[in-house]
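So the structure is just underneath, and the comments pick up after that.
Just so it is clear, none of the values below were taken in a lab; they were calculated from the coordinates. Because the structure is a prediction, the values reported are computed rather than measured. Glycine gets a Cβ as well: all are built from the backbone with ideal geometry, and neighbour counts include every protein chain shown.
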Amino acid sequence: TLVLWSATCIAGIFVLVILFIFVRAVYRPIRRDFETIGAGIANASPSFAPIEEKGVRLAEALTLVRRYNQAVHQIELEQAEKQRAMQAGDLLISNLAHDLKSPITVLKGYAEVLADGGLNEQETAKYFGYLYKSANELRDLVDLLFEQIGYRSGRAVLHKSRIDLCEVLRESCANYYMLFAKRGFRFETDIPETVLMTFADRLALERVFGNLLRNILDHNENPCAVWISCETAGSIVRITFADDGQSIPAQALPQLFEPFFRADSARSDESHRGLGLFAAKQILEQHGGSIKASVPAGGGAAFEVMLPLSEG
């Protein structure tokens, strides 16, 4: 009995020693590390501040802290980008509202000249041409202003359906062919007869293609060669709008798709407000696509549009 009692006491003491060692060596560090993590997370809300790593000793807990800090960093980047986009949107809407005054003033001025009379037939036709140009400019500004208001309010809606990209591109090129021919441009297309389906808003894509084609006309005073091509690269459709006319300055490429940016006076006139490429980029991004610009080796400009193919 005495031996059994002694063995029990020794075993109990051994268990207490093991428990003591466990608490000091394992449990307390774990609790301390996770208390540090918990306090860091509690103090982070709502600013998502990172947790100091120096107070954490366990490798597993340190890994958790680092992953959390990486997530915080990513959230900070996204919030900064969102804030930048909101500020850019506010500036764009403000500039658009201000720029509406210009074509309205021009329209009023030309209308007054026509109303006064005394013009011959040639002068009347010239002023009606000015009116038409200013009216189109006003229409584009108003359309873009309402688009931006829709994006900011979350009411912008795209009416997407499965469409044939090749068909839309061919029709867009056909609509502009006579304009290019009239000005002496050499206009060539390489669009496959196959059906390439994508899930998109047809009218929005027509606007993108129209903007890019009009961009070539607007930025080349002298006739040049124009090539429009379409090809697939895996599950992506690549559409290229290229010309060998006036080159885009290399330093302008990073800013080319910003609103109200004009690359160079050689490729633009004063009536061009630098909104077409911005609108094209915005529409393509809403379709999961992208656009980039480059300067071919022989000069000129090339715009590459990427859009995903529709499954099924």
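Kirkwood hydrodynamic radius computed over the range 185-247 comes to 13.1 Å, based on all pairs of distinct alpha carbons. Figure legend: label point modelled 7 angstrom from the Cα of E231 along Cα→Cβ; residues of the range 180-198 with amide N under 14 Å from it are 190-192. Here the spin labels are modelled as points 7 Å beyond Cα on the Cα-Cβ line, and at L253 and V142 they lie 3.9 nm apart. Electrostatic bookkeeping for R238 treats Lys and Arg as +1 and Asp and Glu as -1; over the other residues with beta carbon under 12 Å from its beta carbon, the sum is -2. Put simply, when 105-115, 294-304 are sorted by average Cβ atoms within 10 angstrom per residue, most first, you get 294-304, 105-115. Given their separation in residues at 0.36 nm each and the Cα-Cα distance between them, I18 and I75 gain 16.1 nm when the chain is fully extended. In summary, the lysines within cross-link reach of K281, defined as a Cα separation below 29 angstrom excluding same-chain residues under 8 places away, comprise K82, K101, K133, K160, K182, K292.
Multiply the residue separation of K108 and A174 by 0.36 nm, subtract the distance between their alpha-carbon atoms, and state the gained length in nm to one decimal. Let's see the in-between values first.
Numbers: separation 66, 0.36 × 66 = 23.76 nm, distance 3.45 nm.
Length gained, K108 through A174: 20.3 nm.
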